[in-house]
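Everything on this sheet refers to the single structure shown next.
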């Protein structure tokens, strides 16, 4: 029999893998969100790990995309990048009641910034 | 009796308080294992060096734990760091501006010692707040 945690994980994994939910996955409260979605195209989403506590599930999602537009003052590099998103879900009886997402930019900027690309020693996250 | 997860949460919470808030950088000797893996700052020394950079740039910085979940050996923390930009930060002169930035940290705890850390932070928001833009 599946544990509650396993059921929650199945619920949110199915949600993230469903292409019709991509618009929801692209929403956060961060001011640059629209710019990020426009700048990085051909995105694919993968759940890397999940953490569960009662009705709460936090998923670490790895988004792979191509840098085709201006982001945070950086012009398109055409590079393939990996963007981490954390998304927190409230799950009750197998249903997602609410959720909020957050993009990590500490590991994104070194992938597209010229000064970081010239000196890979600085390519660290925070 | 405390569960393994509760104990691990306690270890991580204490480390955040002592190391990140009280700036007791030698606390790494007590909290981190000998085979500690640092996945964001390169090494234990890199972690201490970065914490010092933050302390110099934001002397009043405070980290608050907003969410913490333990699962087996892993502990995931969502935090906010708040402070005033009063020292040079990666070449940027002090602006006096306030920062309030979200970060996530994932720790691994074995036998009461932290054996691994990986961190993620929103640097675009942080630079925007530093520059006041």
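Output the residue which, of all residues in region A:63-117 that are closer than 16 Å to residue A:29 by Cα and more than 9 Å from every other protein chain (Cβ to nearest Cβ), is surrounded by the most Cβ atoms within 10 Å (Cβ to Cβ).
Within region A:63-117, the match that is surrounded by the most Cβ atoms within 10 Å (Cβ to Cβ) is A:87.
For residue A:31, which of the numbered conditions (1) in contact with a helix residue (DSSP H, G or I) (Cβ under 9 Å, 6 or more places away or on another chain); (2) modelled with pLDDT of 95 or more; (3) assigned to a strand (DSSP E or B); (4) surrounded by fewer than 14 Cβ atoms within 10 Å (Cβ to Cβ) fails to hold?
With (1) in contact with a helix residue (DSSP H, G or I) (Cβ under 9 Å, 6 or more places away or on another chain); (2) modelled with pLDDT of 95 or more; (3) assigned to a strand (DSSP E or B); (4) surrounded by fewer than 14 Cβ atoms within 10 Å (Cβ to Cβ) applied to residue A:31, the lone miss is (3).
Table: residues versus (1) surrounded by 15 or more Cβ atoms within 10 Å (Cβ to Cβ); (2) part of a loop (DSSP other than H, G, I, E, B); (3) modelled with pLDDT of 95 or more.
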{"residue": "B:8", "(1), (2), (3)": "yes, no, yes"}
{"residue": "B:13", "(1), (2), (3)": "no, no, yes"}
{"residue": "B:18", "(1), (2), (3)": "yes, no, yes"}
{"residue": "B:23", "(1), (2), (3)": "no, yes, yes"}
{"residue": "B:28", "(1), (2), (3)": "yes, no, yes"}
{"residue": "B:35", "(1), (2), (3)": "no, no, yes"}
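What strands (runs of 3 or more DSSP E) lie completely within region B:47-129 and have 3 or more residues being away from chain A (no Cβ under 12 Å) and surrounded by 14 or more Cβ atoms within 10 Å (Cβ to Cβ)?
Once the strands (runs of 3 or more DSSP E) in region B:47-129 are filtered for at least 3 residues that are away from chain A (no Cβ under 12 Å) and surrounded by 14 or more Cβ atoms within 10 Å (Cβ to Cβ), what remains is B:74-84, B:98-110, B:113-121.
Which of the following residues is modelled with pLDDT under 95 and assigned to a strand (DSSP E or B): A:22, A:46?
The match here is A:46.
Scan A:34, A:18 and give me the residue that is within 14 Å of chain B (Cβ to nearest Cβ) and more than 13 Å from the chain's Cα centre (by Cα).
Unique residue meeting the criteria: A:34.
The values are calculated or read from the model by the stated rules, or taken from the named source; none is laboratory data. Bear in mind the structure is a predicted one, so any value in this text is a computation, not a measurement. Glycine also receives a Cβ, built like all others from the backbone with ideal geometry; neighbour counts cover every protein chain displayed.
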